[in-house]
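S.K.: Got a structure for you, questions after.
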Amino acid sequence: MEARLTLAPPRLSTVWRDALLILGLGLLSRFWLYGQALLINEVFSLGRTPLDLLCSWDCGWYQDLAQHGYHQQPLGPEGNPDADGKANWAFFPLFPLAARALMELGLGSFQLAAQLLNNLAFCASLGLLFSHLQRWLPRQDVWFVLLLLAFSPYSLYFSAPYTESLYLLLMLASLLAAHQGRWLLAGLCGALLSATRNLGVFLAFSLAALALQQFGWRALLRFAPGTERAWLACVLCGAGLFAYMAFLQAWVGDALAFSHVQAAWGGEFMNPFKRILQGLGASGYEFYCALSLSAGLAAGLYLARRGFWAEALVLFIGCLIPATVRLASAPRYALTLFPVYLAIGLAVRGRPVLQLGLLLPAASFGGFLVAAWMATKVVAL
């Protein structure tokens, strides 16, 4: 593991200043994103309302879930029978449930509730990432990583009515708690993570890697005092997934309906490495997806070499598991994972010119991805 920096406890005034700066960064990046979306909507006469600017692709499925709940038979997001057999069982419950809770509290509109939920979750995620990164990076490099994540083209997905913001927040909360030895909190956040997306259950492997670093394998195998909390945290990571499976069994008679329905979207199981290699030999969107997964895996290998096994496992799992089913949406799956940005921060540590050279094109490319997303072009899927 990379040597940790020795930090003196920050003064309260410094904590408040950092919190305000992080909040300001989060809000500024969201204003930048929405400003681009408004401009694109006007220039290309897309006719979207302010609340519907970022509602594309699976947004309709989440809206239907928040408003009507899970169907008992394959239906599209408009409630009509789906010829392909698609059903909202593919979408995990925590995000639409949280949006529905905000709707019940008076926000009314799903779009308003989802935007508020995701933007608040993203700002909170920046705060947790700031705390997480200070263990290994000097302050100025920490701010670079936050800027890169906030203005990355892929930060679009943190404001769209998707699960990315909530997933990022819960993952960071779980890993940060585990690093601090707060294993019960880590496990509870892991349980919520697996209720947000099926990949959340695999955070157990990252928590296990941290437990190995903290306790050693002998202590873990002997269940030495203190290790029982780490074991419990790993087990809890499956609670959200298994609760959803129990619901599906009772509701539609198939605990694995969320997996079986993937075939309706054209998903089929294949060796992920073979699929990625095939994509790299293709062109257009397939090549872009395979390249994104390759970048995520390369970042994972870099982190593993530096001893960041918990974060590396997030990337290995987050890239390879989706690739067993399809390449589509790979950039969203791989390049919204925070360890990618940790790897970049470590690689360009103390090199401000190179950091600026990464930030400027990243922020510039965002407009293209926003336009593609709003026009429902497959490149932004």
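S.K.: Looking at GLY26, is it at positive phi and in contact with a helix residue (DSSP H, G or I) (Cβ under 6 Å, 6 or more places away or on another chain)?
M.R.: no
S.K.: Ok, one more. Could you figure out which of (1) over 17 Å from VAL353 (Cα atoms); (2) within 17 Å of the chain's Cα centre (by Cα); (3) touching a residue at least 60 places away in the same chain (Cβ under 8 Å) isn't true of LEU117?
M.R.: (3)
S.K.: Scan region 311-319 and give yes if some residue there is buried (at least 17 other Cβ atoms within 10 Å of the Cβ), under 17 Å from PHE91 (Cα atoms), touching a residue at least 24 places away in the same chain (Cβ under 8 Å) and among the β-branched types (Val, Ile, Thr), otherwise no.
M.R.: no
Residues checked against (1) at pLDDT below 95; (2) in a loop (DSSP other than H, G, I, E, B); (3) out of contact with any Cys (no Cβ under 6 Å at 6 or more places or on another chain); (4) not hydroxyl-bearing (Ser, Thr, Tyr):
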{"site": "TYR62", "(1), (2), (3), (4)": "no, no, yes, no"}
{"site": "GLY79", "(1), (2), (3), (4)": "yes, yes, yes, yes"}
{"site": "LEU120", "(1), (2), (3), (4)": "no, no, yes, yes"}
{"site": "LEU126", "(1), (2), (3), (4)": "no, no, yes, yes"}
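S.K.: Among the residues of region 34-49, is there at least one that is touching a residue at least 60 places away in the same chain (Cβ under 8 Å), exposed (fewer than 14 other Cβ atoms within 10 Å of the Cβ) and not in a helix (DSSP H, G or I)?
M.R.: So far as region 34-49 goes, yes, one or more of its residues are touching a residue at least 60 places away in the same chain (Cβ under 8 Å), exposed (fewer than 14 other Cβ atoms within 10 Å of the Cβ) and not in a helix (DSSP H, G or I).
S.K.: Contact list please: Cβ distance under 9 Å, first residue in region 342-361 and under 13 Å from LEU149 (Cα atoms) and in contact (Cβ under 8 Å) with a residue 24 or more places away in the chain, second residue of a type in the set (Ser, Thr, Tyr) and assigned to a helix (DSSP H, G or I), pairs at least six apart or on different chains.
M.R.: What qualifies is ALA343/TYR302.
The values are calculated or read from the model by the stated rules, or taken from the named source; none is laboratory data. Values in this document were obtained by computation on a predicted structure and should not be read as measured data. Positions of Cβ are generated from backbone atoms using ideal geometry, with glycine treated the same way; all protein chains shown enter the neighbour counts.
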